[in-house]
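Enquirer: The structure is given below, and queries will be raised subsequently.
The values are calculated or read from the model by the stated rules, or taken from the named source; none is laboratory data. On a predicted model such as this, the values are computed, not experimentally measured, just so you know. Cβ placement follows ideal geometry from the backbone for every residue including glycine, while neighbour counts extend to all protein chains displayed. These accessible areas exclude ligands, DNA and RNA; they are computed on the full protein's heavy atoms, side chains included. Shrake-Rupley method; radii C 1.70, N 1.55, O 1.52, S 1.80 Å.
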Amino acid sequence: QECGSLSIIVLGASGDLAKKKTFPALFNLYRQGFLPPSEVHIFGYARSKMTDDDLRDRIRGHLIPRNVTAEISEDVLNFLHLIKYVSGSYDTEDGFHLLDDEISKYECQKNSQEHSKRLFYLALPPSVYPSVCRMIKLCCMNKSDLGWTRIVVEKPFGRDLESAEQLSAQIGELFDESQIYRIDHYLGKELVQNLLVMRFANRLFLPLWNRDNIANVQIVFREDFGTQGRGGYFDQYGIIRDIIQNHLLQVLCLVAMEKPVSIKPEHIRDEKVKVLQAVNLIKDEEVVLGQYEGYKDDPTVPEDSNTPTFATMVLRIHNERWEGVPFILKAGKALNSRKAEIRVQFKDVPGDIFKCNKQGRNEFVIRLQPSEALYMKLTVKQPGLEMSTIQSELDLSYGQRYQGVVIPEAYERLILDTIKGDQQHFVRRDELKAAWEIFTPLLHRIDKGEFKPISYKPGTRGPAEADELLAKAGYVQTHGY
Ligand code: BG6
């Protein structure tokens, strides 16, 4: 085991993402013993002039779990004590030299400059990524070959293929791909991480997982709240860039990819790229866009905004396994529920002697949130004297089956991976490019106003046209669960 010190530098430390996600995730890792104070120091960096204590005060409120115990509040204090703040701009060297001095000071104290490990977490808008990366490269790299410097970036990685490629090229000139961790937090969710195990460690699924047996796949994200407070950001991007092009498409990759040679990150990512490259261009008639009523009341949203807050679309994968199987991606804000799930619907039973096809088909559902669950809809004999059939479920609800097991937050898991140097759950540059290739033509049409969203009432299922599209794609509504 190499010894050394780990510095975690959160850039954009005074912002929302850092406060709500990054620091709380670090805190949870700290509480579980993954960030021992003898080896780890945390630095916040941002433009605002503040003291260490100012920053600590800002984040403290986000670290305290609901049922505070004496032990937890002591943990909070000890954790906050690890954090030091440095202020500076994102595009000049002074601040970054200062940051480097502080990190080096700490490394000298630990006598570990030779093994200095520096993790830079960019909780910042992508517009400053290139200049921040340049500054890190110029001023803040680890001081010897025994350590490392890694960069963690958050979406949105660009607005379309061209801008994403430009961003990748700018960062790629400064850092090797092995140093860059592009976070898609859906890849840190328990049941997303379970997909490969479920698919490739169960004999049951292997022969069924193809066009011969599967009628359609739905990957759905719904939120029961709108863009409150984020309208300005959201309007620049819209639901396709915010959710579908990244989160849902990553899930699609894991559902549809071929078996990787091994579970090494590169082998897995190679297969993800291949499936993305096999996705056909999306047809206009297989897209429904929506915008909820009241979205434009937000003063930061332009009155004539054409930005979709809802989208349903069919993706078609042109390969031997999936030809003809619609993959329906659906995401919406201000709908009637909050849920993310994958729904794999199987074909009808041929030669159905029970006439049970009418009741519905077999479905395998993977509920990512809330209440993680895997369940399988099956037809069984109605218990009792009669020989009739009903739809029922084989149900693995995590809350019941794994009582007492704490499911870690996505960010917690992913940050731990960046410390370990495991890139399996991060998006590789070629993957990102392939993902933008699929959506860019459609996005450009929407941006030009050539594709209009249909208005829908908040708190509903979204535009009725989306359900019609689902039915046209062959989804059969089943009853029960
Ligand atoms: C973010 C989006 O990436 O994911 C948000 O920008 C969205 O708009 C959020 O609300 C949803 O994440 P989760 O983990 O709550 O499903």
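Enquirer: Scanning the range 8-28 for residues that are part of a strand (DSSP E or B) and touching a Phe, Trp or Tyr at 6+ places or on another chain (Cβ under 6 Å), which turns out surrounded by the fewest Cβ atoms within 10 Å (Cβ to Cβ)? Give the derivation first.
Expert: First, the residues of the range 8-28 that are part of a strand (DSSP E or B): 8-11.
From the residues that got through so far, the ones that are touching a Phe, Trp or Tyr at 6+ places or on another chain (Cβ under 6 Å) too are 9-11.
Details: 9: 25, 10: 29, 11: 28.
Step by step, filter the range 8-28, then rank; the result is 9.
Enquirer: Let me confirm something: among 303, 323, 286, which residue is more than 14 Å from the ligand (Cβ to nearest atom) and out of contact with any helix residue (DSSP H, G or I) (no Cβ under 9 Å at 6 or more places or on another chain)?
Expert: Going through 303, 323, 286 in turn, the sole match is 323.
Enquirer: Then there is this: Test residue 284 against the criterion of being open to solvent by 20 Å² or more (accessible area, probe 1.4 Å), farther than 30 Å from residue 208 by Cβ, in contact (Cβ under 8 Å) with a residue 40 or more places away in the chain and not aliphatic (A, V, I, L, M), and give yes or no. It would help to see each step written out before you state the result.
Expert: Details: open to solvent by 20 Å² or more (accessible area, probe 1.4 Å): yes; farther than 30 Å from residue 208 by Cβ: yes; in contact (Cβ under 8 Å) with a residue 40 or more places away in the chain: yes; not aliphatic (A, V, I, L, M): yes.
It is true that residue 284 is open to solvent by 20 Å² or more (accessible area, probe 1.4 Å), farther than 30 Å from residue 208 by Cβ, in contact (Cβ under 8 Å) with a residue 40 or more places away in the chain and not aliphatic (A, V, I, L, M).
Enquirer: Looking only at the range 247-263, filter to residues that are of a type outside the set (Asp, Glu) and assigned to a loop (DSSP other than H, G, I, E, B); which one of those is nearest to the ligand (Cβ to nearest atom)?
Expert: That would be 257.
Enquirer: Quick one: in the range 330-358, which of the residues that are within 11 Å of the ligand (Cβ to nearest atom) and among the hydrophobic types (A, V, I, L, M, F, W, C) is surrounded by the most Cβ atoms within 10 Å (Cβ to Cβ)?
Expert: Per the stated criteria, the residue is 331.
Enquirer: Can you find even one residue in the range 196-203 that is modelled with pLDDT of 95 or more, within 12 Å of the ligand (Cβ to nearest atom) and hydrophobic (A, V, I, L, M, F, W, C)?
Expert: no
Enquirer: For residues that are within 16 Å of the ligand (Cβ to nearest atom) and assigned to a loop (DSSP other than H, G, I, E, B), scanning just the range 359-376, find the one that is surrounded by the most Cβ atoms within 10 Å (Cβ to Cβ).
Expert: Restricting to residues being within 16 Å of the ligand (Cβ to nearest atom) and assigned to a loop (DSSP other than H, G, I, E, B), the top hit is 372.
Enquirer: In this structure, does residue 188 turn out to be open to solvent by 10 Å² or more (accessible area, probe 1.4 Å) and closer than 25 Å to residue 13 by Cβ?
Expert: No.
Enquirer: Let me ask something else. Would you please name the residue that is farthest from residue 315 (Cα to Cα), looking only at residues in the range 402-442 that are among the hydrophobic types (A, V, I, L, M, F, W, C), within 16 Å of the ligand (Cβ to nearest atom) and part of a helix (DSSP H, G or I)?
Expert: Ranking the qualifying residues of the range 402-442, first place goes to 415.
Enquirer: Would you check if residue 359 is touching a helix residue (DSSP H, G or I) at 6+ places or on another chain (Cβ under 6 Å) and on the phi < 0 side of the Ramachandran plot?
Expert: So residue 359 fails the test.
Enquirer: Collect the residues in the range 151-195 that are away from the ligand (no atom under 16 Å from the Cβ) and of a type in the set (D, E, K, R), keeping them in residue-number order.
Expert: Listed by number, the residues that qualify are 160, 162, 165, 173, 176, 177.
Enquirer: Identify all residues within the range 227-246 that are near the ligand (Cβ under 10 Å from one of its atoms), in contact (Cβ under 8 Å) with a residue 24 or more places away in the chain and either over 13 Å from residue 292 (Cα atoms) or touching an Asp or Glu at 6+ places or on another chain (Cβ under 9 Å) (or both); write none if there are none.
Expert: Once the filter is applied, which keeps residues that are near the ligand (Cβ under 10 Å from one of its atoms), in contact (Cβ under 8 Å) with a residue 24 or more places away in the chain and either over 13 Å from residue 292 (Cα atoms) or touching an Asp or Glu at 6+ places or on another chain (Cβ under 9 Å) (or both), the range 227-246 yields 227, 234, 237, 241, 242, 243, 246.
Enquirer: Cβ-Cβ under 7 Å, sequence separation 6+ or interchain: first residue in the range 402-419 and modelled with pLDDT of 95 or more, partner more than 15 Å from the ligand (Cβ to nearest atom) and among the charged types (D, E, K, R). Which pairs?
Expert: Close Cβ pairs satisfying both conditions: 418/150.
Enquirer: Identify the residue in the range 150-163 that is crowded, with 19+ Cβ neighbours inside 10 Å and of a type outside the set (D, E, K, R) and, among all such residues, is farthest from residue 438 (Cα to Cα).
Expert: Across the range 150-163, the extreme among qualifying residues is 151.
Enquirer: Next question, about the same structure. Which one of these does residue 31 not meet: (1) out of contact with any helix residue (DSSP H, G or I) (no Cβ under 6 Å at 6 or more places or on another chain); (2) open to solvent by 40 Å² or more (accessible area, probe 1.4 Å)?
Expert: (1)
Enquirer: Looking at the range 337-350, I want the residues that are touching a residue at least 12 places away in the same chain (Cβ under 8 Å) and have a partner that is open to solvent by 30 Å² or more (accessible area, probe 1.4 Å) and within 13 Å of the ligand (Cβ to nearest atom) with Cβ atoms under 8 Å, at least 6 apart or on another chain. Which pairs are those?
Expert: 337/224; 338/224; 338/225; 338/370; 339/367; 339/370; 340/367; 341/367
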